[in-house]
Structure formats: C-alpha cells, structure tokens
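Just below is one structure, and these are the notes that go with it.
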Amino acid sequence: MLLQVHHSVILLALSLNLFPTASGSSIGPVINTTSGTYVGVHDAQNELDVFLGMRFASPPAARFTPTTPVSSASKGIARRVFRRVLPLRGANQSEDCFFVNVWRPAGTLAKSKLPILVYIFGGGYFSGSGSEWNGISLVRRSVATKKPIIFVTFNYRTGVLGFIGSAQAPPSALNVGLQDQRDALRWIQDNAEAFGGDGSRITISGESAGASSVHMHYVYPDSRRTFRAGISSSGTSLVLNTPACEWHDRPGGAYSLLGNVTGCGIGPGSFECLQNMPFDTFWPLALTTYQPSDGVPIPPWSVTCKGPQGSLIEEYPAKKIINGDFLNLPIITGTNKNEGNFVIGTSLLEMNPQPPIDVENSILSGFFGGQATNFKNVSQTTLSKLLDLYAHPTEDLSNSTLYDRAAQFETDYSFLGPQRLFLKIASAEHRKQDVWAYSFQQHLPGSPDFFGAFHTSDLYYLDMGFPIVPAQNLKSQIQDIYISFANDLNPGIFWPKYAEESKIALRLLDGTVAPIADTVRRTQTDFLNQLDVMEEFGRFG
C-alpha cells in the first residue's frame, strides 16, 4: 500500500490546517480513481472536501521523456500524513511531480456532476507548483452564489526538465511540460465523476505561463477534447517568442550552456549524456546556468520551442494564429494595464544619473532588438520607428522616461499586441467564436506607484493563495466571472463579446467594472503586429 501524498501538497495541507488535530476526527471522504483510492480531508470550517496529491501519471521512465499512465504497482490509498516538511524553494524541482489537487463543496457526490475549473499555475515555465494555489475562496463563493464548482490544480515539469530545446533532443522530449499538462487534463476528465465533477464541463484557466498554456492548448489541441472553454490572464501563445528548438544550440544558448557545465557537450550523444546523469548531479549543474535578474535567478530557456514533425509544436504559433488554426471554443482573455513594469525589473529605473536622450535611445534600441529570436536581427528602420512610437509614454508612472518607455514596449510586444492579434482572428465573423476581452487596471494597494497594474497583480483579486486585498467588491466581481463562465459559458455580467469592429473590452477597476473601447496604444500594437515586423523579430522562425 503506497503513500500517494506528495511533499509539496502536504505543506499546503499543513498551512491550511486541513489535517485533524490530536483529538481526532472521522475518516475523510474517499474516492476511487484510475490511479488508486484516495482519502481526502473534510474541511468543516470552510465546508469543503479536499483531495491533495492524487497521482495522474507514473514517474518518468527517463529524464525528459513523456509521462506514462499510473501502473498497478503505483496504485494505492493516500493516507493523511502527520509530519512537518520544509517549505518549497524555487530550486526544489522534481522529475516526479505528477499530482492533482481537488477542492469541492462538502457533500458533493459522484452524481452531482459539477462544472470543473482547472487552474494552470504560472511562473515563466520555470518555477511554481499547483500546490501553491487553493480553491477555498472560489469554491465557497460558488456555493454562496448557488453556482457551485469544483476547483483543480496540478503540477507539470518546468525549466529544463519540462522544456529542453535542442536539435539533439528527439521530438517526444520537446515541450514535455505541456505534454504533462495534457496528461493531467486527461486524468481530470477520466476521473471527474469520481470526485463529483462533469467531465464534459471543464474550463481551463491560468495566469502568465499558465495563461500561455491555455492558449497553447487551443493552438495545439489534444486529439481528445479535454475542456470546453478557457480563461487566459496575462498570457498568449506569443508571450516570448517560440523559437526553433535548435536555437538553443547556438553559442551562449541554453543547450550549449548546459552542455558546457555538465561536460555533455552539444554534439551526438549529448542528450543521452544529460538523460543518464544522476539527478543529484545534474540539477545543481543545471542551476548554474540561471542568470540573476533583479535578484531572481532566471533560466536561459525561452520556454516552448518549435520542433520537427512529430513533436507537439510542429509549427510556429504566430503562423497558426494568423491562419485561424486553433480551437473554436469560448474563451475569456485579457491583460493587465502595466504588464511590462514588473517584467522588466527596476535596473533601468535605478540608473543614476538617468542618461541623456541619445544614450537613452541607444539603450532602448538594444532592448527592443534583444527581443528577437531565431537568429534574427531587427532592422535599423524598424528600431527607429519603435523609438518614435515609444518616444512619449502614455503614462508617466516613474521619474524615468527610459523605464516608462521600455515598460510600455514590453507590455505591448509580449502581452497587449499578441492579445489583440489573437482577438482579431478569433472574433472574425465567419468563426462565430465566443470571445471576451478584459483590461485589468487596478493598482494594488501598497505596491510601488511605478508598477501600476503590474503583471500578476490580478491574482490578488482571485484569492487563491495571494494575500487578501482591501477591494473586496472587485474580488467578488472577478470571482463571479470565473464561476459563472465555468457554469454557463457566460461571464454573467454586461460584457459585450469582442468584435474587431467595436473593440470592446471589460475594464476591471474597483468601482468601475464596465465595458470600454480597447484603444490605448493601438498605433503601436498595430505596427508590432505587421507581418514584416513579426518576421524581423523571429515570430515565424
């Protein structure tokens, strides 16, 4: 009888006081799944049943390989564990992280067939875990509004473990992090009825890399339909270019760096060398390739990569989006007003003294051109045009025009521009796709003024693990949108569907949640979405 509770979800349970005290309590709810029988926890305080650490796949047979179904030897009963564990650190990653967590209203039965909201965690595809988030507040709100839902999170491999890229890697080893997500969604659908859900009413959602994942599952769909709708917050399939996988083999590229520090090189046999290296040897060496950015270690991997035929991503996402080659399913997708302010960090802001305009423009040219991938060089004509387009920031959030200009370009290039490109194609009249767009504009109390409505700040208003915020009305309104959409495929408030003719988005701002014209910096994003400009930045290879 094997223990089926992963150490990361044990930590979550301890932090939430979900395990019974020494005084004891009756055994929790039990469910039978395709990977074994699991004992959950009845959270009487919040009137929830919680199942933490249910396995959706067996440990990988080898590093970088796709998951396999849970074997009979791995099945068993998950027991509650009474032991302390150390908090997870960003570097504490595992090759065996394939676990699902479920929150449901107390007393939910198999015949309840409640809609399921799946949340895919973000973290740049190199950090994070499903156990960092919880569904307590959302599920409680769903019950209070008489639209009950089941909330689900899961893990997937991140960083080099999930997104290695190289011409030496076989197609099956490319983007296995996304393949993990696909396998988790299949498990959730297969076992939906076991925990009281409806496998035909699954909505996938996520923020940042999780939001990009939502789009990726639209653009590169499973042969089996595992969800019926999506909610994407601050992420599209174009957040960071998806380069060719062999782009990592270039001098200074991620695979080249990894080959150097491990001694495996980059030629024939290098991939097998990396696979066969013991994890305790491999992982500390892999971490040395991370580069500090404003105090945060960032890996050199540019997340997803375009592989050869037979791999998950056979074509560049930009091409598929422009061709309308993605699922025609309902979707809510949006961005925060100042995405780039958090993403670029504060190094440009902290330059002292601030440079004169000619030096500022030179720095910005390098910053703009540095976004290109696939061995592309942005032309001087395009860089000059961008310097002109971003000469005068539409918001002066800081005392640095260099920072404000760079932040607005980053917002537009990585978030708002790709968002508008997707919306334009998805909302085309002939598709008749139900699409809603939003703009999150709330400044988080206590955050620096120069951050504005920064990347990830919307998560404070979903109440899934971030500290609770004062603007409770906005929190309830956003939660109700998620709950209503998961139930009825409708956001539940006056919010016109997006159409290119009207360009209407919903402004999410405490006290003024209302439709607005999505027009800010249209000239800039239209230029960035020109085919020739996208080509220069390597969007098409």
Residues in the stretch 113-129 that are modelled with pLDDT of 95 or more and surrounded by fewer than 22 Cβ atoms within 10 Å (Cβ to Cβ) total 1
Among the residues of the stretch 130-160, which ones are closer than 26 Å to residue 305 by Cβ and either surrounded by fewer than 24 Cβ atoms within 10 Å (Cβ to Cβ) or hydroxyl-bearing (Ser, Thr, Tyr) (or both)?
132, 153, 156, 158
Select, from 160, 118, the only residue that is of a type in the set (Val, Ile, Thr), out of contact with any Lys or Arg (no Cβ under 9 Å at 6 or more places or on another chain) and part of a helix (DSSP H, G or I).
160
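Determine if the stretch 199-220 includes at least one residue that is assigned to a strand (DSSP E or B), farther than 23 Å from residue 435 by Cβ, modelled with pLDDT of 95 or more and out of contact with any Ser or Thr (no Cβ under 8 Å at 6 or more places or on another chain). Reasoning before the result, please.
Narrowing the stretch 199-220 to residues assigned to a strand (DSSP E or B): 199-207.
In the following step, the residues that additionally are farther than 23 Å from residue 435 by Cβ were identified as 199.
Checking which are modelled with pLDDT of 95 or more leaves us with 199.
The next check asks that each one be out of contact with any Ser or Thr (no Cβ under 8 Å at 6 or more places or on another chain); those that pass are 199.
Looking through the stretch 199-220, at least one residue is assigned to a strand (DSSP E or B), farther than 23 Å from residue 435 by Cβ, modelled with pLDDT of 95 or more and out of contact with any Ser or Thr (no Cβ under 8 Å at 6 or more places or on another chain).
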Please enumerate the residues belonging to the stretch 308-353 that are surrounded by fewer than 16 Cβ atoms within 10 Å (Cβ to Cβ), over 30 Å from residue 228 (Cβ atoms) and polar (S, T, N, Q).
347, 352
Given the options 242, 226, 236, name the one that is over 22 Å from residue 170 (Cβ atoms) and surrounded by 24 or more Cβ atoms within 10 Å (Cβ to Cβ).
236
Can you report the number of residues in the stretch 484-520 which are among the aromatic types (Phe, Trp, Tyr) and surrounded by fewer than 16 Cβ atoms within 10 Å (Cβ to Cβ)?
1
Of 340, 295, 307, 324, the only residue that is at positive phi and either at pLDDT 90 or above or among the aliphatic types (A, V, I, L, M) (or both) is 324
Screening 285, 258 for residues that are over 23 Å from the mean Cα position of the chain (by Cα), in a helix (DSSP H, G or I) and surrounded by 24 or more Cβ atoms within 10 Å (Cβ to Cβ) leaves only 258
Subset of the stretch 482-541 (residues that are under 22 Å from residue 231 (Cα atoms) and of a type in the set (Asp, Glu)):
488, 500, 510, 518
For the structure I just gave you, tell me whether residue 437 is part of a strand (DSSP E or B) and surrounded by 24 or more Cβ atoms within 10 Å (Cβ to Cβ).
yes
Filter result for residue 181 (touching a His at 6+ places or on another chain (Cβ under 8 Å), surrounded by 24 or more Cβ atoms within 10 Å (Cβ to Cβ) and not β-branched (Val, Ile, Thr)):
yes
Check residue 360 against each of (1) surrounded by 15 or more Cβ atoms within 10 Å (Cβ to Cβ); (2) modelled with pLDDT of 95 or more; (3) over 18 Å from residue 340 (Cβ atoms); (4) among the charged types (D, E, K, R) and name the one condition it does not meet.
(3)
Among residues belonging to the stretch 89-107 that are part of a strand (DSSP E or B) and crowded, with 22+ Cβ neighbours inside 10 Å, point out the one that is farthest from the chain's Cα centre (by Cα).
104
Just a yes or no: is a residue in the stretch 306-329 part of a loop (DSSP other than H, G, I, E, B), within 24 Å of residue 205 (Cα to Cα) and β-branched (Val, Ile, Thr)?
yes
Looking only at the stretch 410-444, which residues are small (Gly, Ala, Ser), within 23 Å of residue 457 (Cβ to Cβ) and in contact with a strand residue (DSSP E or B) (Cβ under 7 Å, 6 or more places away or on another chain)?
437, 439
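Checking the condition part of a loop (DSSP other than H, G, I, E, B), at pLDDT 50 or above and at negative phi, which residue from 50, 70 passes?
Of 50, 70, the one residue that is part of a loop (DSSP other than H, G, I, E, B), at pLDDT 50 or above and at negative phi is 70.
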Suppose we filter the stretch 122-141 for residues that are touching a Cys at 6+ places or on another chain (Cβ under 9 Å) and outside any loop (DSSP other than H, G, I, E, B); how many remain?
1
Just to be sure, is residue 110 surrounded by fewer than 24 Cβ atoms within 10 Å (Cβ to Cβ), in contact with a strand residue (DSSP E or B) (Cβ under 8 Å, 6 or more places away or on another chain) and under 19 Å from residue 37 (Cα atoms)?
no
Please indicate, with yes or no, whether at least one residue in the stretch 265-272 is of a type in the set (S, T, N, Q), without any contact (Cβ under 8 Å) to a residue 60 or more places away in the chain, more than 27 Å from residue 204 (Cα to Cα) and not in a strand (DSSP E or B).
no
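Rundown of residues vs (1) in contact with an Asp or Glu (Cβ under 7 Å, 6 or more places away or on another chain); (2) in a loop (DSSP other than H, G, I, E, B); (3) modelled with pLDDT under 95, yes/no style:
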position	(1), (2), (3)
405	no, no, no
409	no, no, no
428	no, yes, no
442	yes, yes, no
465	yes, yes, yes
477	no, no, no
Is there any pair with a first residue in the stretch 387-400 that is loosely packed, with under 12 Cβ neighbours inside 10 Å and a second that is among the acidic types (Asp, Glu) whose Cβ atoms are under 8 Å apart and which are 6 or more apart or on different chains, and what are they?
396/404
Verdict on residue 486 being part of a helix (DSSP H, G or I), touching a residue at least 24 places away in the same chain (Cβ under 8 Å) and of a type in the set (A, V, I, L, M, F, W, C):
yes
Give the residues of the stretch 257-269 that are within 16 Å of residue 300 (Cβ to Cβ) and out of contact with any Pro (no Cβ under 9 Å at 6 or more places or on another chain), sorted by residue number.
259, 260, 261, 262, 264, 266
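Which residues, counting only those in the stretch 444-462, are among the hydrophobic types (A, V, I, L, M, F, W, C) and either within 11 Å of residue 338 (Cβ to Cβ) or not in a loop (DSSP other than H, G, I, E, B) (or both)?
444, 450, 451, 453, 454, 459 - these are the residues of the stretch 444-462 that are among the hydrophobic types (A, V, I, L, M, F, W, C) and either within 11 Å of residue 338 (Cβ to Cβ) or not in a loop (DSSP other than H, G, I, E, B) (or both).
The values are calculated or read from the model by the stated rules, or taken from the named source; none is laboratory data. Remember, predicted model here, so these are calculated numbers, not experimental data. Glycine also receives a Cβ, built like all others from the backbone with ideal geometry; neighbour counts cover every protein chain displayed.
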